[in-house]
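Below is one structure, written out as structure tokens; comments come after it.
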Amino acid sequence: VYLTTDGRVELCNAAAEHILGRRAGELAGAGPADPRWLAVREDGSRIPEDELPLQSTLRTGQPRRDELVGVQRPDGSLAWLSGNTQPLLRPGEPRPHAVVASFTDVSQRKLAQQRLRESEQRFRAVADAAPALIWRSGPDRACSYFNRGWLGFTGREREDELGSGWLEGLH
């Protein structure tokens, strides 16, 4: 996406249209203050216009890398974008005359991460409720998880048991 100094879209490619769910004609002239845009952080809070990576690059002339932003599509779904911004500078001018933004749709990755977190929470709830000593270790015998049953039985703190610390309380 190519943006002018006032943050308005001047050009975009077909991939941007697809990812954002809008045709080039809808994107043309749209700026960050446009009410059709809703950009959010990972915690779901709205990103103020002046904190958007594009606006930051326009203001400072500094590129931004690997910025994660949620953008609402016209159908109401949220597209998670990992993007970069690059200022376009003219010789001798400290402020950019335009910014190029490139981004990748990482929505599926975000969904997989959320599902993994939920699965981990379910595992911990079941493991902590089980009347058994449960732990997880790798081939190096370093432990990375202990359930409440283990910690209650040994009387030790989780931090003391992690890695090879569990060997100290074994006998």
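The values are calculated or read from the model by the stated rules, or taken from the named source; none is laboratory data. This one's a predicted model, so the numbers in the text were calculated from it and none came from an experiment. Methodologically, a virtual Cβ is constructed for each residue, glycine included, from the backbone with ideal geometry; neighbour enumeration extends over all protein chains shown.
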What number of residues within segment 95-140 are part of a loop (DSSP other than H, G, I, E, B) and of a type in the set (D, E, K, R)? 2
Can you tell me how many residues in segment 101-139 are among the charged types (D, E, K, R) and under 30 Å from Val9 (Cα atoms)? 3
Options Gln86, Gln108, Gln55; residue that is at pLDDT 95 or above and in contact with a Pro (Cβ under 7 Å, 6 or more places away or on another chain): Gln86
Take Val100 and tell me if it is hydrophobic (A, V, I, L, M, F, W, C) and in contact with a strand residue (DSSP E or B) (Cβ under 8 Å, 6 or more places away or on another chain). yes
Could you grab me the full set of residues in segment 91-119 that are closer than 28 Å to Ala39 by Cα and among the acidic types (Asp, Glu)? Asp105, Glu118
